Amino acid sequence: PQAEMLRLLRTQIIAQHVGAGRRAFAVCGATDGSGATFIAANLATALSQVGIKTLLVDANLRNPRIDAIFGIDPNGPGLSTYLSLEVNRPERVVHPNVLPNLSIVPAGPPVGRPQELLSGARFRSGVDILLRQHDVAIFDTPASNENSDALTVAGVLGYALVVARRNHAFVKDVQTLSAQLGASRATVIGSVLNDYA
């Protein structure tokens, strides 16, 4: 059932998002533990398995998890390295072909001011450069009830997928997140009621 759910989600993303020429979206959870990282990682993997050149970006600079899922050194270069001006090009923090057709930008070492870094022009320009090299990019983000990072990232990308965990999130939390995304100029492309992770 888990694999079938992800295949169905992949089909819908391809048909309604990638097929429409849209290139990126943020995966946003209303509360911690919603399974947004689980959905982001598995959806990116599922898209890569059908030949779509996929980039998975860990934009959760506060509590990153993508590195652990894919066995990447958490202290190695990542998004925070690029945003902190330690490397001059975003391509230098991409781990290419972690799986066939799947490249990853991990969060990188901890930084003291993630909100300011994600709000800056450097993040926006880095996204533009990376999107030219991939068919689709998926950005994992921290829970929106803890900080506004997810709203910032989704606002830059213009699109978001909302994830809520069954028997974990309140409907009001999801409604609030959807309204906040709209106010951030991000279109909600869909929602997932997660029963896993």
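Within segment 77-88, the presence of a residue that is at pLDDT 95 or above, of a type in the set (D, E, K, R) and open to solvent by 10 Å² or more (accessible area, probe 1.4 Å) is excluded.
Residue pairs whose Cβ atoms lie under 7 Å apart, sitting 6 or more positions apart in sequence or on different chains, and linking a residue in segment 123-135 that is more than 17 Å from residue 45 (Cα to Cα) to a partner that is of a type in the set (Ser, Thr, Tyr), are 126/82. Would you call residue 188 in contact with a helix residue (DSSP H, G or I) (Cβ under 8 Å, 6 or more places away or on another chain), free of Cβ contacts under 8 Å to residues at least 40 places away in the same chain and outside any loop (DSSP other than H, G, I, E, B)? In short, yes. Within segment 103-117, being farther than 16 Å from residue 86 by Cβ and part of a helix (DSSP H, G or I) holds for one residue alone: 115. Filtering 145, 97, 60 for residues that are open to solvent by 70 Å² or more (accessible area, probe 1.4 Å) and part of a loop (DSSP other than H, G, I, E, B) leaves a single hit, 145.
Applying the set (1) assigned to a helix (DSSP H, G or I); (2) out of contact with any Lys or Arg (no Cβ under 7 Å at 6 or more places or on another chain) to residue 47 leaves exactly one unmet item: (2). For residue 159, the conditions (1) open to solvent by 40 Å² or more (accessible area, probe 1.4 Å); (2) more than 21 Å from residue 15 (Cβ to Cβ); (3) of a type outside the set (A, V, I, L, M) all hold with the exception of (2).
Report, by residue number, each residue of segment 21-34 that is touching a residue at least 12 places away in the same chain (Cβ under 8 Å) and either over 21 Å from residue 151 (Cβ atoms) or open to solvent by 10 Å² or more (accessible area, probe 1.4 Å) (or both). Matches in segment 21-34: 22, 23, 31, 32, 33. Is there a residue being in a loop (DSSP other than H, G, I, E, B) and buried (at least 19 other Cβ atoms within 10 Å of the Cβ) anywhere in segment 119-127? Within segment 119-127, not a single residue is in a loop (DSSP other than H, G, I, E, B) and buried (at least 19 other Cβ atoms within 10 Å of the Cβ). Residues in segment 6-20 that are open to solvent by 10 Å² or more (accessible area, probe 1.4 Å), in contact (Cβ under 8 Å) with a residue 12 or more places away in the chain and not β-branched (Val, Ile, Thr): 6, 7, 9, 10, 12, 16.
So that you can scan it fast, the table gives a plain yes or no per residue for (1) polar (S, T, N, Q); (2) under 20 Å from residue 62 (Cα atoms); (3) touching a strand residue (DSSP E or B) at 6+ places or on another chain (Cβ under 9 Å); (4) modelled with pLDDT of 95 or more:
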{"site": "122", "(1), (2), (3), (4)": "no, yes, no, yes"}
{"site": "132", "(1), (2), (3), (4)": "no, no, no, no"}
{"site": "140", "(1), (2), (3), (4)": "no, yes, yes, yes"}
{"site": "144", "(1), (2), (3), (4)": "yes, yes, yes, no"}
{"site": "147", "(1), (2), (3), (4)": "yes, yes, no, no"}
{"site": "151", "(1), (2), (3), (4)": "no, yes, yes, yes"}
{"site": "156", "(1), (2), (3), (4)": "no, yes, yes, yes"}
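The values are calculated or read from the model by the stated rules, or taken from the named source; none is laboratory data. Since the model is a prediction, treat every value here as computed from it, not as a measurement. Here the Cβ is made from the backbone with ideal geometry for all residues, glycine too, and neighbour counts use every protein chain on show. Protein only, heavy atoms only, side chains kept; ligands, DNA and RNA dropped before computing areas. Shrake-Rupley method; radii C 1.70, N 1.55, O 1.52, S 1.80 Å.
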